[in-house]
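First up is the structure itself, then whatever we jot down about it.
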Amino acid sequence: MSVRINDLELLEAVREFALTHFHADVERFRQSMQDWGNEWKAVAPTQLLAADFLHDSINAGNHQTRPLLEVFARHKQRLHWEQSYRKQDAVVSEAMLSAYAFAEVIGNRGPFISDRIRAGIAIWGPNIEYPRHQHRAEEIYIVLAGSARFKIGDADEVNHSVGDSIFVASNTPHEFRTGDQTFVVYYLWQSGDLREISSFV
Ligand SMILES: [Fe+2]
């Protein structure tokens, strides 16, 4: 089956964003991003409430992040919106589960298959707390819209807003609380089980 044009547009937007966002931390992921592979598979669309926040967040982006927000908003109905946690994971609040979703473009479940890197966007509604957790993969968030107060490792809490990148080294505890607006990030993971469920610490 041929790669759907829509998925190619998402792939290009995701790769372009990583390859043109010049920052030393993003640089660490560049090689994996260039070598992601060529395999594609269709991924069934699924919808979650948080994806509906995406459209309104476009205006909260800046000139660099808005084009990516627009591409995801345009393809919202075709994307596979999901969550890593379930209600049984009591440490994650119901407030978070009702206002959070991510959609992956590159990763070990597709649509573009890679066992080296995962890339996509994640959305949280306002005033949501993502409890302290860690995972073996190293991770970077680049803020596309909104802001959140992050605490990473033993460092002091820092507020991050549009355009900021936040690097989380392997097995480093991290947590954040979103501000008064929808918080949208571009995320990359590499060097670890790409579908590892975080442990809460
Ligand atoms: Fe994380």
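Of all residues in the range 137-150, those being within 11 Å of the ligand (Cβ to nearest atom) and touching an Asp or Glu at 6+ places or on another chain (Cβ under 6 Å) number 1.
Mind telling me which of the residues Ala103, Ala145, Ala122 ends up being touching a residue at least 40 places away in the same chain (Cβ under 8 Å), within 23 Å of Leu49 (Cβ to Cβ) and in contact with a Ser or Thr (Cβ under 6 Å, 6 or more places away or on another chain)? One residue alone meets the criteria, Ala145. The helices (runs of 4 or more DSSP H) falling completely within the range 42-112 that include 1 or more residues that are farther than 17 Å from Val184 by Cα map to 94-97.
Results for (1) surrounded by fewer than 16 Cβ atoms within 10 Å (Cβ to Cβ); (2) in a strand (DSSP E or B); (3) on the phi < 0 side of the Ramachandran plot, shown as yes or no for each residue.
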{"residue": "Asp115", "(1), (2), (3)": "yes, no, yes"}
{"residue": "Ile121", "(1), (2), (3)": "no, yes, yes"}
{"residue": "Tyr130", "(1), (2), (3)": "no, yes, yes"}
{"residue": "Arg136", "(1), (2), (3)": "yes, no, yes"}
{"residue": "Glu139", "(1), (2), (3)": "no, yes, yes"}
{"residue": "Val143", "(1), (2), (3)": "no, yes, yes"}
{"residue": "Lys151", "(1), (2), (3)": "yes, yes, yes"}
{"residue": "Ala155", "(1), (2), (3)": "yes, no, yes"}
{"residue": "His160", "(1), (2), (3)": "no, yes, yes"}
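If you take the residues in the range 71-94 that are at pLDDT below 95 and among the hydrophobic types (A, V, I, L, M, F, W, C), which one is surrounded by the fewest Cβ atoms within 10 Å (Cβ to Cβ)? Across the range 71-94, the extreme among qualifying residues is Ala90. Looking across the range 31-41 at every residue that is part of a helix (DSSP H, G or I) and surrounded by 15 or more Cβ atoms within 10 Å (Cβ to Cβ), the one that is farthest from the chain's Cα centre (by Cα) is identified as Ser32. Residues of the range 172-196 that are more than 19 Å from Ile128 (Cα to Cα), assigned to a loop (DSSP other than H, G, I, E, B) and away from the ligand (no atom under 11 Å from the Cβ): Ser191, Asp193, Leu194, Arg195.
Conditions tested, residue by residue: (1) under 16 Å from the mean Cα position of the chain (by Cα); (2) closer than 18 Å to Glu12 by Cβ.
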{"position": "Ala51", "(1), (2)": "yes, no"}
{"position": "Asp56", "(1), (2)": "no, no"}
{"position": "Glu70", "(1), (2)": "yes, yes"}
{"position": "Trp81", "(1), (2)": "yes, no"}
{"position": "Val91", "(1), (2)": "no, no"}
{"position": "Met96", "(1), (2)": "yes, no"}
{"position": "Ala103", "(1), (2)": "yes, yes"}
{"position": "Gly110", "(1), (2)": "yes, yes"}
{"position": "Gly120", "(1), (2)": "yes, yes"}
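For the range 42-70, name all the residues that are among the polar types (S, T, N, Q) and buried (at least 16 other Cβ atoms within 10 Å of the Cβ). Selection gives Ser57, Thr65. Assess whether Val168 counts as being within 11 Å of the ligand (Cβ to nearest atom) and either within 29 Å of Asp115 (Cα to Cα) or without any contact (Cβ under 8 Å) to a residue 12 or more places away in the chain (or both). It is true that Val168 is within 11 Å of the ligand (Cβ to nearest atom) and either within 29 Å of Asp115 (Cα to Cα) or without any contact (Cβ under 8 Å) to a residue 12 or more places away in the chain (or both).
The values are calculated or read from the model by the stated rules, or taken from the named source; none is laboratory data. Note that the structure is predicted; figures quoted are calculated from it, not measured. Glycine gets a Cβ as well: all are built from the backbone with ideal geometry, and neighbour counts include every protein chain shown.
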